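Worksheet: the structure to be examined is printed underneath.
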Amino acid sequence: MKIAVVANQEPKSQQVAKELQDKLRVANFEIDKVKPDVVITVGGDGTLLGAFHAYSHELDRIRFIGVHTGHLGFYTDWRDYELDLLVSSLCEDTSKSVSYPLLDVTLTYNDTRQDKQFLALNEATVKNLNRTMVSEVFIKEELFEKFRGDGLSVSTPTGSTAYSKSLGGAVIHPRVNAIQLNEVASINNRVYRSLGSPLIIAKDEWITLNLAEDESYQLHIDHLVMTEDNLDTVTVKLSEQRIHFASYRHTHFWRRVNDAFIGE
């Protein structure tokens with residue numbers, strides 16, 4: 001088994017990553033960041049998001065494991081003081097995994113540029129950089145509403161505990177294959193009207209944002225931020241690909257939610 005260890009730049013994470021690699025070598029695992037079978041991240045959810053995007057072209061064969069060195073994360077099942085137990089679990093590997101849904105995000109333009117496509121583990125958010133954002137919202141090619149406000153955000157079930165939750169979205173179990181649309185500071189009055197509440201979109205439907213022309217937009221794909229001009233549409237649907245986590249000890253989703261938002 002080939003293993004890649006990816007850590008953030010915090011001194012503690014770097015130290016834990018070095019200790020983990022030493023233990024893996026002693027157990028006769030090969031450290032390989034180019035063609036790994038398993039990617040172990042050391043840090044927090046942000047570190048795992050970065051690794052996900054770095055290896056997003058090989059999701060069909062890579063499994064992820066998260067080790068957290070700070071606060072409890074939604075994608076990190078192991079603590080930094082459990083390295084021996086983690087290595088022992090790897091030695092008894094049965095190739096089992098648990099998978100989570102991903103977003104497929106497609107950008108089209110008003111000019112001659114080719115479409116761009118991204119995968120997102122948490123969410124994709126669109127905002128207008130200069131003024132109120134105006135967008136027609138289509139659900140499965142049917143016009144649903146004309147939105148005016150700061151922006152629109154689409155999340156996965158696992159992403160429902162991140163930015164989506166701060167926007168008033170529902171927390172969705174990752175076994176529910178759906179996506180969620182949230183408004184960011186929508187304008188609702190006698191003249192302009194949108195639904196004003198989160199939408200849960202079925203797995204066989206998709207969302208298309210038909211954006212106003214001659215504007216500059218900021219896109220957030222998980223932790224990635226980019227500015228796009230001449231953007232025509234943003235289409236978001238459930239991806240046919242999924243992220244796979246090695247299931248040596250996978251924390252129950254609702255326990256994660258409790259630990260993060262309720263537990264002491």
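For the stretch 11-20, which residues satisfy the criterion of being free of Cβ contacts under 8 Å to residues at least 60 places away in the same chain and surrounded by fewer than 18 Cβ atoms within 10 Å (Cβ to Cβ)?
Pro11, Gln14, Gln15, Lys18 - these are the residues of the stretch 11-20 that are free of Cβ contacts under 8 Å to residues at least 60 places away in the same chain and surrounded by fewer than 18 Cβ atoms within 10 Å (Cβ to Cβ).
From the list Gly46, Gly70, exactly one residue is surrounded by fewer than 18 Cβ atoms within 10 Å (Cβ to Cβ), touching a His at 6+ places or on another chain (Cβ under 8 Å) and at negative phi. Which is it?
Exactly one residue qualifies, and that residue is Gly46.
Suppose we keep only residues that are under 13 Å from the mean Cα position of the chain (by Cα) and touching a residue at least 60 places away in the same chain (Cβ under 8 Å) within the stretch 163-186. Which one would you say is surrounded by the fewest Cβ atoms within 10 Å (Cβ to Cβ)?
Filtering the stretch 163-186 for residues that are under 13 Å from the mean Cα position of the chain (by Cα) and touching a residue at least 60 places away in the same chain (Cβ under 8 Å), the one surrounded by the fewest Cβ atoms within 10 Å (Cβ to Cβ) comes out as Pro174.
Identify the single condition in (1) modelled with pLDDT of 95 or more; (2) assigned to a loop (DSSP other than H, G, I, E, B); (3) of a type in the set (Asp, Glu) that Asp111 does not satisfy, given that it satisfies every other one.
(1)
Residues checked against (1) β-branched (Val, Ile, Thr); (2) modelled with pLDDT of 95 or more; (3) within 30 Å of Ser153 (Cβ to Cβ):
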residue: Ala7; (1), (2), (3): no, yes, yes
residue: Val16; (1), (2), (3): yes, yes, no
residue: Asp22; (1), (2), (3): no, yes, no
residue: Val34; (1), (2), (3): yes, yes, no
residue: Gly46; (1), (2), (3): no, no, yes
residue: Ala54; (1), (2), (3): no, yes, yes
residue: Ile65; (1), (2), (3): yes, yes, yes
residue: His71; (1), (2), (3): no, no, yes
residue: Pro101; (1), (2), (3): no, yes, yes
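Take the residues in the stretch 58-115 that are among the hydroxyl-bearing types (Ser, Thr, Tyr) and free of Cβ contacts under 8 Å to residues at least 40 places away in the same chain, then tell me which one is farthest from Ala162 (Cα to Cα).
Thr112
Test Arg249 against the criterion of being charged (D, E, K, R) and part of a strand (DSSP E or B), and give yes or no. Even if it seems obvious, please write down each step before you answer.
Numbers: charged (D, E, K, R): yes; part of a strand (DSSP E or B): no.
In short, no.
So for the stretch 209-232 (the condition being at pLDDT below 90 and not in a loop (DSSP other than H, G, I, E, B)), does at least one residue qualify?
No; the residues of the stretch 209-232 include none that is at pLDDT below 90 and not in a loop (DSSP other than H, G, I, E, B).
Conditions tested, residue by residue: (1) under 29 Å from Thr227 (Cβ atoms); (2) among the charged types (D, E, K, R).
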position	(1), (2)
Tyr81	no, no
Asp111	yes, yes
Glu145	yes, yes
Ser155	yes, no
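Go through (1) in contact with a Ser or Thr (Cβ under 8 Å, 6 or more places away or on another chain); (2) loosely packed, with under 15 Cβ neighbours inside 10 Å; (3) acidic (Asp, Glu); (4) under 30 Å from Ile262 (Cβ atoms) for Glu82 and report which single condition fails.
(1)
One line per residue, one yes/no per condition, for (1) in a strand (DSSP E or B); (2) under 30 Å from Ala4 (Cα atoms); (3) of a type outside the set (A, V, I, L, M, F, W, C):
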site	(1), (2), (3)
Leu152	yes, no, no
Asn182	yes, no, yes
Asn189	no, no, yes
Arg193	no, no, yes
Phe245	yes, yes, no
Ala260	no, yes, no
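The values are calculated or read from the model by the stated rules, or taken from the named source; none is laboratory data. Owing to the predicted nature of the structure, the values given are computational and were not obtained by experimental measurement. Cβ sites come from the backbone with ideal geometry, for glycine too, and all protein chains shown count toward neighbours.
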